[in-house]
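Asker: To start, I am sharing the structure in question, which I have written as structure tokens.
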Amino acid sequence: MEKIIYIKIYLSVNSGLMRAFLKLHYVRKHPVLSIGPLKSYFLLGKIQYEGQSAGNMASSRGSSETTREAYILKDNLFKSWFIGFSEGKGSFMINKNGNLEFKIVHRSTDASVLFYIKKKLGFGVVRIQDKVKNNHCFKVNDEKGLLNLISIFNGNLYLDTKQKEFKLWIDAYNNKYGTTLVYLKNINNPDLSNYWLSGFTDAVGSFTCTIKDKPDKSGLVKLSYTLSQNGNFNQMKYLAEVLKGKIHFNNGIYEITVNTTKLSRIINYLNIHSLKTNKSIVYLNIRKIYFLIKNNKSLTNEDIKLLTKYKNNLNRLSS
């Protein structure tokens, strides 16, 4: 009997140590940025039912008389990033049978960000989406998970197209599950004090570097940061003003471009509100180039060699 007790205690202690080790490994691999108080326009997670006062949204009863508690995503830094990323890459889907699904499709070489999302939310699944196109997806299609997402997105979406898509999604949820959830329209704009733009950049942003054979009036090196969207002109125009960039329309796509001399604002922003996809490595190379050309009015041959090295890194990482 004593031997059995000893074995049980030994296994219990060692399994506890193993769990602690795995947790430490995850934390070291996925550090969480803490920057103190954050000004944010995002709500803490609202599910409002028709006829329900705003002060009583913690729990409610639907037509099935089952108590529904609002899902609260406590990490507001991640929440604002996730909303921005979802507005760039997420889809609120309804099939012909009225079944709902939320899906984010992302390249398999960077699928770790999808597992990161699943871990932070505490629900959803990550699967291979397309082996030929080399894509993975994060998706949610169960009733509880869908309700959790509604509490995150409701009242917080910025883009017109996503707001319209999401409103239809809530209507479909009410029809399928017999609820009376009320769509909340967002009346605020994102700014440079939260992670929304970081998430949106991870989804649809890009960085480029051009090294010219001969310098012209704009210099030897040209850097650019770009955001692209199909539609949403008013929202894209606002973002262009915030970033001090220019907006162009090309083949149905609105494109914001911020060039070398105006990059300081987005550089300062991303230094604090870090990217979470592989674009973070691309950005680090862009930042190195930016400070190299900013601090040197006349570039030496060694500087140009270093610039070429960083540019080659960009080409490799962006391919």
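Asker: Does ASN259 qualify as being farther than 30 Å from ASN188 by Cα, more than 19 Å from the chain's Cα centre (by Cα) and of a type outside the set (Ser, Thr, Tyr)?
Answerer: Spelling it out, it is not the case that ASN259 is farther than 30 Å from ASN188 by Cα, more than 19 Å from the chain's Cα centre (by Cα) and of a type outside the set (Ser, Thr, Tyr).
Asker: Within the stretch 291-299, can one find any residue that is at pLDDT 90 or above and either at negative phi or assigned by TED's automatic domain parsing to the domain that holds PHE115 (or both)?
Answerer: Yes, the stretch 291-299 has at least one match.
Asker: Hey, another quick one. Yes or no: LYS96 more than 22 Å from SER228 (Cβ to Cβ) and free of Cβ contacts under 8 Å to residues at least 24 places away in the same chain?
Answerer: Yes: the conditions hold for LYS96.
Asker: Working only within the stretch 152-184, note down all residues that are small (Gly, Ala, Ser) and touching a Leu at 6+ places or on another chain (Cβ under 8 Å).
Answerer: GLY155, ALA172
Asker: In the stretch 175-187, is there at least one residue being at pLDDT below 95, exposed (fewer than 14 other Cβ atoms within 10 Å of the Cβ), over 17 Å from the mean Cα position of the chain (by Cα) and not assigned by TED's automatic domain parsing to the domain that holds LYS288?
Answerer: So far as the stretch 175-187 goes, yes, one or more of its residues are at pLDDT below 95, exposed (fewer than 14 other Cβ atoms within 10 Å of the Cβ), over 17 Å from the mean Cα position of the chain (by Cα) and not assigned by TED's automatic domain parsing to the domain that holds LYS288.
Asker: Something else now. Hey, can you tell me all the residues within the stretch 274-319 that are closer than 14 Å to THR208 by Cβ and of a type in the set (S, T, N, Q)?
Answerer: ASN285, ASN312, ASN313, ASN315, SER318, SER319
Asker: Quick one: in the stretch 136-155, of everything that is farther than 20 Å from GLY84 by Cα and out of contact with any helix residue (DSSP H, G or I) (no Cβ under 8 Å at 6 or more places or on another chain), which residue is surrounded by the fewest Cβ atoms within 10 Å (Cβ to Cβ)?
Answerer: LYS144
Asker: The conditions are (1) within 30 Å of GLU241 (Cβ to Cβ); (2) in a helix (DSSP H, G or I); (3) hydroxyl-bearing (Ser, Thr, Tyr), and SER151 fails exactly one of them. Which is it?
Answerer: (1)
Asker: Would it be correct to say that LEU159 is buried (at least 19 other Cβ atoms within 10 Å of the Cβ) and without any contact (Cβ under 8 Å) to a residue 60 or more places away in the chain?
Answerer: no
Asker: Could you tell me which residue of the stretch 84-135 is surrounded by the most Cβ atoms within 10 Å (Cβ to Cβ), considering only residues that are touching a Gly at 6+ places or on another chain (Cβ under 8 Å) and part of a loop (DSSP other than H, G, I, E, B)?
Answerer: Here the answer is GLY124.
Asker: Among the residues of the stretch 189-205, is any over 21 Å from the mean Cα position of the chain (by Cα) and either buried (at least 22 other Cβ atoms within 10 Å of the Cβ) or touching a residue at least 40 places away in the same chain (Cβ under 8 Å) (or both)?
Answerer: no
Asker: Being out of contact with any helix residue (DSSP H, G or I) (no Cβ under 9 Å at 6 or more places or on another chain) and either assigned by TED's automatic domain parsing to the domain that holds LYS164 or at pLDDT 95 or above (or both) is the filter here, so list the residues in the stretch 195-225 that pass it.
Answerer: None - no residue of the stretch 195-225 is out of contact with any helix residue (DSSP H, G or I) (no Cβ under 9 Å at 6 or more places or on another chain) and either assigned by TED's automatic domain parsing to the domain that holds LYS164 or at pLDDT 95 or above (or both), so the list stays empty.
Asker: Next up: If I filter the stretch 140-158 for residues that are among the polar types (S, T, N, Q), closer than 30 Å to TYR290 by Cβ and within 20 Å of the chain's Cα centre (by Cα), do I get at least one hit?
Answerer: Scanning the stretch 140-158, I find no residue that is among the polar types (S, T, N, Q), closer than 30 Å to TYR290 by Cβ and within 20 Å of the chain's Cα centre (by Cα), so the answer is no.
The values are calculated or read from the model by the stated rules, or taken from the named source; none is laboratory data. Everything numeric in this text was worked out from a predicted model, so none of it was measured. For neighbour counting, all protein chains shown are included, and Cβ atoms are generated from backbone atoms with ideal geometry for every residue, glycine included.
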